[in-house]
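Everything on this sheet refers to the single structure shown next.
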Amino acid sequence: MSSEWVIEHVGTHGPEEGESDGVIRAARRAVGNTPLALTVDNQVPIAKGLGSSAAASVAGSAAALRAIGEEATPDRVYRIAAELEGHADQAAAAVYGGLVLIPAEGLPMRLPIHPMLRPIVAVPPTRLPTAEARAVLPDSYPRQVTIRSLARMSSLTAGLITGDPGMLAASHGDEIHEEPRADLSPEVGDLIYLARRAGALHAARSGAGPAVIAIATVETADRVATALADWGAEVVNGPVDTVGLI
């Protein structure tokens, strides 16, 4: 407890001057006007398309609930974070970890990821605020774009579960998020090309970008990571975190 709201950032990444603090916003939503003193150790780069906003919502609400002696169950924290984010996708990943399916109603479902697959994330030095990335998206999409996008989503899900190279390759070429944002961060196209040329089964813009996520196999992961690092990106190369909120 504290006599007033206090937050200290000690991690590698914190909000820049003028940016709202997602941790304290989530904490306030979780416990109301009960003032708390929070210390944040954030290792997730901000404005890169890596879900830093959702991670802040999850961490802030969970920490605040525990600080006042309440149980921060994953389902409870998920509902708070999803409400704050305005959508459930990144909130679900941050809370539950791994590959999660979000139904139209109800709580997310954990899906298996093929054990031979490895995600590699390339983080370029540029930033792209989510609001700016969303602003270029159209209000509607042609029917054929929607049909192709549903097919790609189905192929990606099947490929992540089965490890089938053909399914993962068929999911390439997003027209809903990647194509409208291409001019905002042209480095995304370069990184996707390099990842696929180095052996990635799939590569795509991560969230709003400009980071890129590549899906490789155990055998090709280091080669893909090296190609992305040689371009100049910060590379995260490791297994899928299937734990989420601790």
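The table that follows gives values for the structure above.
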{"read-out": "Meets criteria (under 12 Å from the mean Cα position of the chain (by Cα) and in contact (Cβ under 8 Å) with a residue 40 or more places away in the chain) for ALA94", "value": "yes"}
{"read-out": "In the stretch 1-24, residue modelled with the lowest pLDDT [restricted to those that are small (Gly, Ala, Ser) and within 19 Å of the chain's Cα centre (by Cα)]", "value": "SER20"}
{"read-out": "Test: residue in the stretch 89-97 that is farther than 25 Å from LEU160 by Cβ, crowded, with 20+ Cβ neighbours inside 10 Å and not charged (D, E, K, R)", "value": "no"}
{"read-out": "Residue check, ALA200 part of a strand (DSSP E or B) and within 24 Å of SER149 (Cβ to Cβ)", "value": "no"}
{"read-out": "Scan of the stretch 45-97 for residues that are in a loop (DSSP other than H, G, I, E, B) and closer than 20 Å to VAL10 by Cα, ordered by number", "value": "PRO45, ILE46, ALA47, LYS48, LEU50, GLY51"}
{"read-out": "Residue pairs meeting the criteria (Cβ under 8 Å; at least 6 apart or on separate chains; first assigned by TED's automatic domain parsing to the domain that holds LEU201 and assigned to a helix (DSSP H, G or I), in the stretch 217-235; second surrounded by 18 or more Cβ atoms within 10 Å (Cβ to Cβ) and charged (D, E, K, R))", "value": "ALA221/ARG118"}
{"read-out": "Failed condition for PRO210, given (1) touching a helix residue (DSSP H, G or I) at 6+ places or on another chain (Cβ under 6 Å); (2) under 23 Å from THR130 (Cα atoms); (3) assigned to a helix (DSSP H, G or I); (4) not small (Gly, Ala, Ser)", "value": "(3)"}
{"read-out": "Selected residue (criterion: surrounded by the fewest Cβ atoms within 10 Å (Cβ to Cβ)) from residues of the stretch 114-165 that are hydrophobic (A, V, I, L, M, F, W, C) and either assigned by TED's automatic domain parsing to the domain that holds LEU101 or part of a strand (DSSP E or B) (or both)", "value": "VAL123"}
{"read-out": "Search result, residues across the stretch 166-179 that are surrounded by 17 or more Cβ atoms within 10 Å (Cβ to Cβ) and not in a loop (DSSP other than H, G, I, E, B)", "value": "MET167, LEU168, ALA170"}
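The values are calculated or read from the model by the stated rules, or taken from the named source; none is laboratory data. A quick note: this is a predicted structure, and the numbers were derived from the prediction, not measured. Cβ: placed from backbone, ideal geometry, glycine included. Neighbour counts: every protein chain shown.
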